[in-house]
Amino acid sequence: MVLILQREYLMPTFGKKVRQLRKERGWTQKELGEASGLSKPYISRVENDDIGFSFKAATKIAEALDRPLALLLYPDIPTEMIEEADEFLKLFARLPPDRREIAYRAVLAMDNMDNKSSQ
């Protein structure tokens, strides 16, 4: 199972954040593609939020831009949480698919418990 980050599960600003960081570096889409090992058309589709993409591709983009993945996925994340969130994402990505599913369901369950207790 490849973890696909679908558009509907991401902040709508993911592509905009990638574009912003790419331009800050003075790179073209082709240069980001080369640095990340992804194609220019793929980068274009990511920046335009026209595509669901793999966790691996998102990680490659973040690494090429020398930015934490958490910052690209969650641009409004509080600064003090970026390092912890990025480490969580890296740990999650290293899990085998069956354990990734278990971890995902555990986090959802904890979130549901928190939401119910705050009502």
**Study point:** Wholly enclosed helices (runs of 4 or more DSSP H) of region 39-119 bearing at least 1 residues within 14 Å of VAL18 (Cα to Cα)
**Key:** 40-47, 55-65, 69-73
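Restricting attention to region 43-56, which residues are modelled with pLDDT of 95 or more and either within 14 Å of the chain's Cα centre (by Cα) or crowded, with 19+ Cβ neighbours inside 10 Å (or both)?
If we filter region 43-56 for residues that are modelled with pLDDT of 95 or more, which is where we start, we get 43-44.
Hit for region 43-56 is ILE43, nothing else.
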Exercise for review: Please specify each residue of region 57-78 satisfying the condition of being modelled with pLDDT under 90 and farther than 15 Å from PHE14 by Cα.
Suggested key: PRO78
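Test GLY37 against the criterion of being surrounded by 11 or more Cβ atoms within 10 Å (Cβ to Cβ), among the small types (Gly, Ala, Ser), out of contact with any strand residue (DSSP E or B) (no Cβ under 9 Å at 6 or more places or on another chain) and on the phi > 0 side of the Ramachandran plot, and give yes or no.
Working: surrounded by 11 or more Cβ atoms within 10 Å (Cβ to Cβ): yes; among the small types (Gly, Ala, Ser): yes; out of contact with any strand residue (DSSP E or B) (no Cβ under 9 Å at 6 or more places or on another chain): yes; on the phi > 0 side of the Ramachandran plot: yes.
Yes, satisfied.
When you look at ALA70, is it within 11 Å of the chain's Cα centre (by Cα), free of Cβ contacts under 8 Å to residues at least 12 places away in the same chain and surrounded by 19 or more Cβ atoms within 10 Å (Cβ to Cβ), yes or no?
Values: within 11 Å of the chain's Cα centre (by Cα): yes; free of Cβ contacts under 8 Å to residues at least 12 places away in the same chain: no; surrounded by 19 or more Cβ atoms within 10 Å (Cβ to Cβ): yes.
It is false that ALA70 is within 11 Å of the chain's Cα centre (by Cα), free of Cβ contacts under 8 Å to residues at least 12 places away in the same chain and surrounded by 19 or more Cβ atoms within 10 Å (Cβ to Cβ).
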Review point. Do we have any residue at all in region 11-22 that's within 23 Å of ALA106 (Cα to Cα) and either surrounded by 18 or more Cβ atoms within 10 Å (Cβ to Cβ) or not acidic (Asp, Glu) (or both)?
Key: yes
Point to revise | Residue check, THR79 surrounded by fewer than 12 Cβ atoms within 10 Å (Cβ to Cβ) and of a type in the set (S, T, N, Q) | key: yes
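So, ALA35, is that one under 12 Å from the mean Cα position of the chain (by Cα) and not hydroxyl-bearing (Ser, Thr, Tyr) or not? Working first, answer last.
Values: under 12 Å from the mean Cα position of the chain (by Cα): no; not hydroxyl-bearing (Ser, Thr, Tyr): yes.
It is false that ALA35 is under 12 Å from the mean Cα position of the chain (by Cα) and not hydroxyl-bearing (Ser, Thr, Tyr).
The values are calculated or read from the model by the stated rules, or taken from the named source; none is laboratory data. The structure presented is a predicted model; accordingly, all values stated were derived computationally and were not measured. Don't worry about glycine lacking a Cβ; one is built from the backbone with ideal geometry, like all the others, and counts go over all protein chains shown.
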